[in-house]
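All remarks here apply to the structure that follows.
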Amino acid sequence: MSNTVVIITLSLLVLLSPFLSRIVRIPVVVVEILLGCLAGYFGLLVENELFKIIAKVGFLYLMFLAGMEVNLKEFGFAKSSLLRRTIIYFAMLYGCSLALFLYFNLSSVYLVAFPIFSLGMLMALVKEYGKNQPWLALALNIGIIGELVSIMALTILSGGLEYGYTREFAFKLGGLFAFLIGFVLFFRGIRILFWWYPGLKTLIMPHDDGKDQDVRFSMALMFIMVAVMLYLKIDVVLGAFLAGTFVAAYFKHKTELPEKLSSFGFGFLVPIFFIHVGSTLALDAFTDPQTLGLALFIAGAIIGIRLISSLVAYGGYLGLKNTILFSLSDSMPLTFTVAIATLGYEAGAITHNEYYSFIVASMGSGIFLMIAIKILYTVFYPNKGQK
């Protein structure tokens, strides 16, 4: 019976979210999270394997779409000044995080959590505003670098908490670097193969494709990469993301493919992921003063260090308005914050109260910032429409 209720509830929430978003005039992602929270509170969405699997697939699909937004063959910074600013940005970000970690004598979980990046909410902004906005285009590039760094940070934290800083930990970290090097070599090898045999591209993804061969190949590649990550015991997010970059780099002749995949993802799978995120939080956590106070500190630290780092690094490059929007758009590491909190709690590095504070901070700041960005964008650029 529970599976039946979950399926019906999910179907109705996915269907109703866009209508409610238009009525209340807040981003659809926020509506999906809030609806998930309410449905979980009233017992309509229970945590079972079916729900978790569908939500996980939705998250992986979201990361696959994020990978498709970058072309590794062209990725980089056209201006050396922008590269210098980006180095300054990350140095400031991790420097501020280290200062907070030392001053408040916090757990190592906080040191990793404060500067963490996740592209989930950022991709929702790209869907809503389009990536031609200067603040959002930069946020996407920075977010891609930040997510790769975050995956390595998660691997280090996971290995350190599980094994301690021992030989097993060194093997796990070495496996991650070996895979990344192997992927770069594979990427270059495929580039040479397609240079010698360009017809392979159209063989894999024909121009006139009545059998949706492009979608089949994309999905197969994503799940194969996820399986490889599972075998190597590396975060599966990396596999989905790299699969997206591969498709974006070598199959640009399929100009309609990104829109086709995006429509399916944001129309079905991705909303289920955001609804699941909302359903995992007990509303009672928002009423506990201690949990709420710590959550405000965590959220304030995540937003504050990005705002300071952004103003120092990009204030003169983007201008004040775009810099504020940029810093806020990169301040929603919802999924990785949840992952870090789960790792820390299971390893005993943080308490149950701290765990809930991380969840409240990630969800609360995500909801607040999505609304704040919408308001600020309207105030800053009243004559500009969204995507």
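The values are calculated or read from the model by the stated rules, or taken from the named source; none is laboratory data. For clarity, every value in this text was computed on a predicted model and none was experimentally measured. Because the Cβ atoms are built from the backbone with ideal geometry, glycine has one as well, and the counts that use them run over all protein chains shown. Areas reflect the complete protein model, heavy atoms only, side chains present, ligands, DNA and RNA absent. Shrake-Rupley method; radii C 1.70, N 1.55, O 1.52, S 1.80 Å.
Some observations on this one:
- The residues of the range 79-110 that are in contact (Cβ under 8 Å) with a residue 40 or more places away in the chain, hydrophobic (A, V, I, L, M, F, W, C) and farther than 18 Å from Gly319 by Cα, listed by number, are Phe90, Met92, Leu93, Cys96, Leu100, Val109.
- Residue match in the range 94-114 (condition: outside any loop (DSSP other than H, G, I, E, B), surrounded by 22 or more Cβ atoms within 10 Å (Cβ to Cβ) and at pLDDT below 80): no
- Sole residue being open to solvent by less than 20 Å² (accessible area, probe 1.4 Å), in contact (Cβ under 8 Å) with a residue 24 or more places away in the chain and on the phi > 0 side of the Ramachandran plot, chosen from Gly143, Gly130, Gly120: Gly130
- Total residues in the range 207-228, condition open to solvent by less than 50 Å² (accessible area, probe 1.4 Å) and modelled with pLDDT under 85: 1
- Counting only residues that are surrounded by fewer than 22 Cβ atoms within 10 Å (Cβ to Cβ) and in contact (Cβ under 8 Å) with a residue 24 or more places away in the chain, the range 229-245 holds 5 of them.
- Tally, over the range 306-344, of residues that are part of a helix (DSSP H, G or I), among the aliphatic types (A, V, I, L, M) and open to solvent by less than 10 Å² (accessible area, probe 1.4 Å): 5
- Take the conditions (1) at pLDDT below 90; (2) in a helix (DSSP H, G or I); Leu45 misses just one of them, which is (2).
- Within the range 42-51, considering residues that are in contact (Cβ under 8 Å) with a residue 40 or more places away in the chain and farther than 12 Å from Ile275 by Cβ, the one least open to solvent (accessible area, probe 1.4 Å): Asn48
- Residue in the range 173-192 that is touching a Gly at 6+ places or on another chain (Cβ under 9 Å), within 30 Å of Ile350 (Cα to Cα) and surrounded by fewer than 14 Cβ atoms within 10 Å (Cβ to Cβ) present: no
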